[in-house]
Every structure is written in structure tokens, then in C-alpha cells.
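*Asks:* Sharing a structure here in C-alpha cells format.
The values are calculated or read from the model by the stated rules, or taken from the named source; none is laboratory data. As the structure is a prediction and not an experimental result, all values here were calculated from the model. Cβ: placed from backbone, ideal geometry, glycine included. Neighbour counts: every protein chain shown. The accessibility values were calculated without ligands, DNA or RNA, using every heavy atom of the protein model including side chains. Shrake-Rupley method; radii C 1.70, N 1.55, O 1.52, S 1.80 Å.
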Amino acid sequence: MGAPTDPVYLRVLADLRAQIRDGMLQPGARVPSRNAIIARYGVGETAAKHALQVLTAEGLIEARAGSGSYVRRIPAERLLEHDRLHFPGSPFGLAQSADAADGDDQGQAGGEAVRLAWEHHAERVQAPSSVARRLRLEPGDDRVMRTRYLLTADSSPVQLATSYEPMSITAGTAVLLPEQGQFAGRGVIARMGVIGIQVDQVVEEIAVRPSLSAEAGALDIALGAPVLSIERAHLAGDRVVEVCDILIPADQYRLRYRIPVTRPE
């Protein structure tokens, strides 16, 4: 419970959140209605409404039209391995097995085999201003190839990635389209090597933020549910040759990094 000086809705929010996280309100359980909250906690309608809105934004509950709000059933947490820098779309992926069929991958999650699949769509666009800054593009030279990827496991979304490559680098080359042609699907590092660009550094910045409407729809999560947001950049010296925005449901996945250690001679 919050301190008396806290806004009244925070006292309600803290108590309901604790009941959900401590298991007193199980997944699928109906959350007290707005009127029930008003009566139980002695607060006004605004405080009750705000508390439910925050719990929804945190991804802890979901509203069902004409029925009320219920505790969300959150899938078991899985690990995503950071060992896929040469794989299209994202360096993160579930552990792979040796078997694959119909262009899909087989993965392992919790000891059970899952079917992994990538969807992708590429188009030539003008870079958004934020992307142009990250790519260090000059005005008038900001055309990029944007490729959007969606990774699913057993048809459930795992991660959404949007990659941007400057057309000033790839236009007229065999690697213009990341998922078409002779070098399709080889990843940024290998494809840039084909046209004589040696990627020597990959930089990633990770944050957690609420999901936006389109992102929540693509990832099949509640609007405002937390996502891991990874901003990635491939560099060749001081030149940025690709940037990518990767989104992963934060309450479903953890990222695991394996860092090789070179022994001193």
C-alpha cells in the first residue's frame, strides 16, 4: 500500500499489482470492477479507472468487452540467444536444431521443439529523420531499403525487427534486396562483404518501454505492454551501413549473451 501522501490511485494500484504478482489473483481471474474498487478501497471513480488503466498498460490485466478485466495469462519466459549476427532481421533467436523444412527452422524452447518462421517485406522509402541521423545521411541522400521482419514460434510472434540500409551503398548492387537474389538471407555482415565493405563493429543499445499500437498488434500483446527495444547499428570504420530496431515482449523473453574470451598468450 502506498504512503498516505501518495495519490489515492497508487494505493489501489500497489495492492492489486501485489495480488497479481503474489498469485492471490491467478491468471484468468476476474479483477475487481471499477465499482467494486470504489466500494472496497473507498476511492473515487477517477482513481479506480486510473488504477485499472495502469495495470492494463503494464500488461498485467486485459479488458474484455462487456465482461470486465482479467489477469493476463503470460507465457512461460523463454531465452533468446545472441548468437545470430549473420541471420537476417535480428541477432536474437531461439536455439536451433539441425532440422529444417519448408524454409522454416526448428527450435528448442523448454526442451520442446517449436516451429520457427520468418516473415519479411522490403521497400524503398525515405528514411525517417531519426533513422537518417543514426545512419548519418545527408539531406537529399536519405533513400533507404527498409526491411521488416517478424519471427514467430509455432505461429506466435517472438520479435519484430525493422532494418534500414542506405541506398547510396546498396543501389545497383547484387545485395540491394536483403531477401532476394543470389545473396538472400545472408545477413548484413556477409552481404556487405560481397560489395567490399568490411563490417568491423556492431553496436546495440537496449531499453525497456511501453509498446505502441502497431507494435502491440504485430507482437500480439496488450497495448502498452513492456517491450525490449534494441537499437542496432552495423559499422565499417566510421561509416554506418545499417541500423535496425528490434522489439521483443519483455515479459516473455530474456536475452542471453555469450562473449568469447581470448586467453592472453
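*Asks:* What do you get for GluC sites (Glu not before Pro) in region 179-213 restricted to DSSP loop and a cutoff of at most 16 other Cβ within 10 Å of the site's Cβ?
*Replies:* GLU179
*Asks:* If you don't mind, another one. Quick one: what do you get for region 118-265 if you divide its Cα Rg by 2.2 N^0.38 Å?
*Replies:* Normalised Cα radius of gyration, region 118-265: 1.11.
*Asks:* Let me ask something else. Determine the per residue accessible area of the chain with all protein chains present and a 1.4 angstrom probe, expressed in square angstrom.
*Replies:* The answer is 54 Å² per residue.
*Asks:* While we're on this one: What are the residues whose amide H is under 5 Å from the amide H of LEU80, where those residues sit 5 or more places off or on another chain and H is modelled from the backbone?
*Replies:* ARG254, LEU255, ARG256
*Asks:* Given LEU177, VAL158, MET145, which one lies farthest toward the positive end of the charge dipole of the chain, if we put +1 on the Cβ of every Lys and Arg and -1 on the Cβ of every Asp and Glu?
*Replies:* Highest projection toward the positive end goes to VAL158.
*Asks:* Using a ≥ b ≥ c from the Cα gyration tensor of region 128-196 (square roots of the eigenvalues), is it rounded, prolate or oblate, where a/c under 1.5 gives rounded and otherwise the larger of a/b and b/c decides, a/b for prolate?
*Replies:* Oblate, since a/c reaches 1.5 and b/c is not below a/b.
*Asks:* To continue, here is another question. From the phi of every residue in region 35-52, what ³J(HN,Hα) in whole Hz does the Karplus formula 6.51 cos²θ - 1.76 cosθ + 1.60 yield, where θ is phi - 60° and glycine or proline is x?
*Replies:* 5, 5, 5, 4, 6, 6, 9, x, 10, x, 5, 4, 5, 5, 5, 5, 4, 5
*Asks:* Based on Cβ point charges of +1 for Lys and Arg and -1 for Asp and Glu, what charge dipole magnitude is obtained for region 1-81 about its Cα centre, in debye rounded to the nearest 20?
*Replies:* Dipole magnitude for region 1-81 comes out near 280 debye.
*Asks:* Over region 193-247, what per residue volume does the convex hull of the Cα atoms give, in whole Å³?
*Replies:* 87 Å³
*Asks:* In the chain, with Lys and Arg counted as +1 and Asp and Glu as -1 at Cβ, which of these residues, LEU60, ILE197, LEU135, has the Cα nearest the positive end of the dipole, that is, farthest along it?
*Replies:* LEU60
*Asks:* If you compute P(r) over Cα pairs in 5 Å bins from 0, in percent for the structure shown, which of (1) 1, 6, 12, 16, 19, 17, 12, 8, 5, 2, 1, 0, 0; (2) 1, 5, 11, 14, 14, 13, 11, 9, 7, 7, 5, 3, 1, 0, 0; (3) 1, 6, 14, 19, 22, 19, 12, 5, 1, 0 do you land on?
*Replies:* Identified label for the calculated read-out: (2).
*Asks:* Pop out the carbon and sulfur fraction of the accessible area of the chain as a percent, whole number, probe 1.4 Å.
*Replies:* Roughly 49 percent of what the probe reaches on the chain is carbon or sulfur.
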